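The values are calculated or read from the model by the stated rules, or taken from the named source; none is laboratory data. What you see is a predicted model; the values in this text were computed from it and never measured. FYI the Cβ positions are ideal-geometry reconstructions off the backbone, even for glycines, and counts take in every protein chain you see. Side chains included, ligands, DNA and RNA excluded: accessible areas come from the protein's heavy atoms. Shrake-Rupley method; radii C 1.70, N 1.55, O 1.52, S 1.80 Å.
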Amino acid sequence: HRSRTAFPTRRASELVITIEADRRFSRKGASLYVDLPIPLADAVLGGEQRVHTLNGSVMLNVPPESQNGQVFRLRGRGIPHLNQPDSRGDLFASLKVVLPTNLSDEERQLFRDMRERREGHDGKKAEA
């Protein structure tokens, strides 16, 4: 999304400012929304993840057993409110769990072992 504004000047020319939206974010009012890719192991075990904001990046502490699509609110990391430059909206980071690829034989076996253990965990057989 692009915005273009022309400002008249005292001379016969004009000043043109073009603003391009940052594609990493979507916006609703003063709030920003961002997808946060996270490796499967970090979603399961927890850990810190870097979240990009308009003013650099911050570290987000992701708790163990976080779920795909889980949303974290970072207060005051959104867009400044109109006519209130000292007050900002929030940034909402939505976890997008990235599944591993190119697994080794050992890693595949670890997932098989985990599946077998989990099948008896809830009294149900896992569905394919």
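Taking the residues in segment 9-38 that are among the β-branched types (Val, Ile, Thr) and at pLDDT 90 or above as candidates, determine which candidate is farthest from ARG50 (Cα to Cα).
Filtering segment 9-38 for residues that are among the β-branched types (Val, Ile, Thr) and at pLDDT 90 or above, the one farthest from ARG50 (Cα to Cα) comes out as VAL34.
ASP42 satisfies every condition listed in (1) in a strand (DSSP E or B); (2) surrounded by 15 or more Cβ atoms within 10 Å (Cβ to Cβ); (3) out of contact with any strand residue (DSSP E or B) (no Cβ under 6 Å at 6 or more places or on another chain) except (1). Among the residues of segment 51-62, those identified as closer than 14 Å to ARG73 by Cα and open to solvent by 40 Å² or more (accessible area, probe 1.4 Å) are HIS52, MET59, ASN61.
Conditions tested, residue by residue: (1) touching a residue at least 12 places away in the same chain (Cβ under 8 Å); (2) surrounded by 11 or more Cβ atoms within 10 Å (Cβ to Cβ).
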site	(1), (2)
PRO64	yes, no
GLN67	yes, no
ARG75	yes, no
ILE79	yes, yes
GLN84	no, no
VAL98	yes, yes
ASN102	no, no
ARG112	no, no
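Screening segment 45-90 for strands (runs of 3 or more DSSP E) wholly inside it with 2 or more residues that are over 20 Å from SER31 (Cβ atoms) and among the aliphatic types (A, V, I, L, M) returns the ranges 56-62. All conditions but one from (1) part of a strand (DSSP E or B); (2) open to solvent by 50 Å² or more (accessible area, probe 1.4 Å); (3) in contact with a strand residue (DSSP E or B) (Cβ under 9 Å, 6 or more places away or on another chain); (4) of a type outside the set (A, V, I, L, M, F, W, C) apply to SER94; the one that does not is (2).
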